[in-house]
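> First the structure, which I've put down as structure tokens, then a few questions once you've had a look.
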Amino acid sequence: MTDPAAEPISARLKEMEPSRPASANNNKQLWAAVLSAIVPGAGQLAMARRRKGVLLMSVFLALIACVWPLRLPRFYPGLILIILAWMGLAIYATWAVLISRPSPMSSRPSKLWLLGLAPLILAAMILLFNPIFRAAGFRNVYLRAASMEPTVFAEDHLVIDRTYYRDRAPATDDLVVVIQKGNWILKRVIAVSGDTVEGIDRQIKVNCKILDEPFVQHSQPPHPFSGADTFGPVTVPAGKLFLMGDNREESMDSRFPEFGLIDVKDVVGKPLYIIRSRTRQRVGKSLN
């Protein structure tokens, strides 16, 4: 028989310590995994793994900084890179909590919990990313009309920059977004204040020069009495813009009194790229 006095004191003290139920350890790990699914690194800090927690949270804050103030979503690849990196970081942080052991004698939660937490990772990312995305000046805009085809199709979703025209004025040929009657509308700047614009048999003249418009689409035959093919001349007053759609027969724009000239201050953003479209090949198309 083994003499109890011969056993190491540390071993005897360990036997005397009250054992923590495995279910309690599992519950703590699951809650830590939930925290890391929401904020990568927070679960590690809750499990007293400070070094890894600080590292993961630093990477997470760096990703937020890429949205603002670095504003990488100005470019489609930048947006996709941030989204993939955010998801990958959250998945890794959650997985790292689930496979860790608080002590050598404790059991791990089932790895299937990662599948159960996947919807939480996605939901948390959407809830956190959208406010940061908007705070940086970006907005996802849905277009209902076909007035800008073939440049932008009906039902395309665009990312726009709402800060672009805060320190600069729209210029000729710019694509701009305005809001009319609660709808987001995309048009092209044809003339700015001081310009004289005129339409003659579908040719647009600005300051007596015919514009080269390879992007224009005519979906109907000429109509001499519509006022769409021939109009003006119109001199644009100070602070106003003359806007037209690229799909000329399907566009309600500055050629018509119902739309009229637009105040420069009513321009709410510049379109950057197509983020979603019925035509997959158009996703990511730059509109700059």
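Rule-based calculations on the coordinates, nothing more; no lab input. It should be emphasised that the depicted structure is a prediction, and the values quoted were computed from it without experimental measurement. All Cβ positions, even for glycine, are placed from backbone atoms using ideal geometry, and neighbour counts span all protein chains on display.
> Longest exposed-loop-site-free stretch of the chain, with GluC sites (Glu not before Pro), DSSP loop and at most 13 other Cβ within 10 Å?
1-154
> Going through the cross-link list 205/265; 187/265; 187/270, which pairs have a Cα-Cα distance over 22 Å in this structure?
With Cα atoms farther than 22 Å apart: 205/265.
> How big is the shadow of the Cα convex hull of the range 192-288, averaged over all directions, in nm²?
Average projection, Cα convex hull of the range 192-288: 7.5 nm².
> Then there is this: Using 26 Å as the Cα-Cα cut-off, could you pick out the over-long pairs in 28/52; 181/209; 209/285?
Going by Cα-Cα distance, 181/209; 209/285 fall outside the 26 Å limit.
> Once phi is turned into ³J(HN,Hα) by the Karplus curve 6.51 cos²θ - 1.76 cosθ + 1.60 with θ = phi - 60°, what whole-Hz value does each residue of the range 205-217 show in order, with x for glycine and proline?
Coupling constants for the range 205-217: 10, 10, 6, 6, 10, 6, 7, 8, 10, x, 7, 6, 10 Hz.
> Defining a contact as two alpha carbons under 8 Å apart and six or more residues distant in sequence, what relative contact order in percent does the range 139-282 show?
32 percent
> Right, something else. Here are a few candidate values for volume of the Cα convex hull per residue in Å³: (1) 135; (2) 119; (3) 153. Which one was actually calculated from the structure I just gave you?
(3)
> Something else now. In the chain, if the dipole is taken from +1 on Lys/Arg beta carbons and -1 on Asp/Glu beta carbons about the Cα centre, which of 170, 131, 269 is farthest to the positive end?
In the chain, that residue is 131.
> Here is a further query. Just how large is the dipole of the chain about the Cα centre, in debye to the nearest 20, putting +1 at every Lys and Arg Cβ and -1 at every Asp and Glu Cβ?
Roughly 1320 debye, rounded to the nearest 20.
> Listed highest first by mean packing, meaning other Cβ atoms within 10 Å per residue, what order do 203-209, 33-39 come in?
The most tightly packed comes first, giving 33-39, 203-209.
> Please list 3J(HN,Hα) in residue order for the range 247-252, calculated via the Karplus relation 6.51 cos²θ - 1.76 cosθ + 1.60 where θ = phi - 60°; whole Hz, with x for glycine and proline.
8, 4, 7, 10, 10, 8
> Take the chain, connect every pair of alpha-carbon atoms lying under 10 Å apart with a spring to form a Gaussian network, then pick out the residue of 271, 73, 214 with the largest mean-square fluctuation.
Answer for the Gaussian network model of the chain: 214.
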